[in-house]
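Trainee: Below: one structure in structure tokens.
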Amino acid sequence: MDKIKIAVFASGNGSNAENICKYFAASGTAEVSLILCNNPGAYVLHRAENLNVPAVVFDGKQLEDGTVLSLLRDNGIGFVVLAGFLRKIPDAIVYEYENRIVNIHPSLLPKYGGKGMYGDKVHEAVFAAKEKQSGITIHYLNERYDEGSIIFQKTCDIVENDTPATIAAKVHALEYECYPQVIDAVISRLKDNNARNK
Ligand code: GAR
């Protein structure tokens, strides 16, 4: 069966995007064929170049007016992954890719999610609240920030000397360990369902 084409949306550093590209470069299930970025200065664009994965930068208007959706269609994208993408995905993309679009959030949702909660802001809030645990949530995307149905969560402990930076490092380690495999499992399930329905 053909490999599913994945598009990864990222806004900044892109360490998850790179990790996902590397994982799927050695996979029979899928391949990352496009990186999409809303920030022309983002480090993820250097990573894409080094990895030889085509990257496209778009602006807010192109995200909203259907240009980005057309790009997904024209490139035969079958699955969409958000990895540190900080803008809201328009409903038209969410609906077209229902059950084929996932996000990772660096906390145990529903805690510390929602508009404006991303990256280090999440870890600072978790630290300030003296939480004993944090972790990652991988979920399907719906029309509301961080509210789509949860596919997977994994926790890490927060200990006495932890800081927002050390919490971030623990959470990133979980992301690298789990996100590619969860994406792989979701895509494999989709492929099985498609094969059964043929
Ligand atoms: C990741 O920790 C990801 O979970 C988070 O941004 C970071 C991006 O790191 N995403 C969100 O906060 C979304 N609300 P990266 O650019 O190095 O992959």
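Trainee: Given (1) in a helix (DSSP H, G or I); (2) more than 30 Å from Asn193 (Cβ to Cβ); (3) out of contact with any strand residue (DSSP E or B) (no Cβ under 7 Å at 6 or more places or on another chain), where does Tyr95 come up short, assuming only one miss?
Mentor: (2)
Trainee: Out of all the residues in the range 73-92, which are of a type outside the set (S, T, N, Q), away from the ligand (no atom under 15 Å from the Cβ) and either within 12 Å of Tyr140 (Cβ to Cβ) or part of a loop (DSSP other than H, G, I, E, B) (or both)?
Mentor: Passing the criteria: Gly76, Ile77, Gly78, Phe79, Pro90.
Trainee: Output the residues belonging to the range 98-140 that are closer than 19 Å to Ala165 by Cβ, basic (Lys, Arg) and more than 14 Å from the ligand (Cβ to nearest atom).
Mentor: The answer is Lys130, Lys132.
Trainee: Right, here's the next one. Filter the range 21-40 down to residues that are part of a loop (DSSP other than H, G, I, E, B) and out of contact with any Gly (no Cβ under 9 Å at 6 or more places or on another chain) and give me whichever is farthest from Ile187 (Cα to Cα).
Mentor: Once the filter is applied, the top-ranked residue is Pro40.
Trainee: Considering only the range 133-188, how many residues are in a loop (DSSP other than H, G, I, E, B), in contact with a strand residue (DSSP E or B) (Cβ under 8 Å, 6 or more places away or on another chain) and more than 13 Å from Val102 (Cα to Cα)?
Mentor: 1
Trainee: So Glu49 clears everything in (1) within 12 Å of the ligand (Cβ to nearest atom); (2) not in a strand (DSSP E or B) except one condition, right? Which one?
Mentor: The number of the failed condition is (1).
Trainee: Next question. Among (1) within 13 Å of the ligand (Cβ to nearest atom); (2) surrounded by 20 or more Cβ atoms within 10 Å (Cβ to Cβ); (3) among the hydrophobic types (A, V, I, L, M, F, W, C), there is one condition Ala30 misses while meeting the rest; what is its number?
Mentor: (1)
Trainee: Something else: Could you check, for the range 138-149, whether at least one of its residues is in contact with a helix residue (DSSP H, G or I) (Cβ under 7 Å, 6 or more places away or on another chain) and over 20 Å from Ile20 (Cβ atoms)?
Mentor: Within the range 138-149 (the criterion being in contact with a helix residue (DSSP H, G or I) (Cβ under 7 Å, 6 or more places away or on another chain) and over 20 Å from Ile20 (Cβ atoms)), the answer is yes, since at least one residue qualifies.
Trainee: Taking the residues in the range 1-21 that are near the ligand (Cβ under 6 Å from one of its atoms) and surrounded by fewer than 18 Cβ atoms within 10 Å (Cβ to Cβ) as candidates, determine which candidate is nearest to Thr137 (Cα to Cα).
Mentor: Checking each candidate, the answer is Ser15.
Trainee: Filtering the range 141-156 down to residues that are within 16 Å of the chain's Cα centre (by Cα) and free of Cβ contacts under 8 Å to residues at least 40 places away in the same chain, which residue is farthest from the ligand (Cβ to nearest atom)?
Mentor: Looking at the filtered set, the residue picked out is Ser149.
The numbers here are math on the coordinates, done by the rules we state, and not lab data. Just so we're clear, the structure is a prediction, and the values are computed from it rather than from any experiment. With ideal geometry, Cβ positions are generated from the backbone for all residues, glycine too; neighbour counts draw on all protein chains shown.
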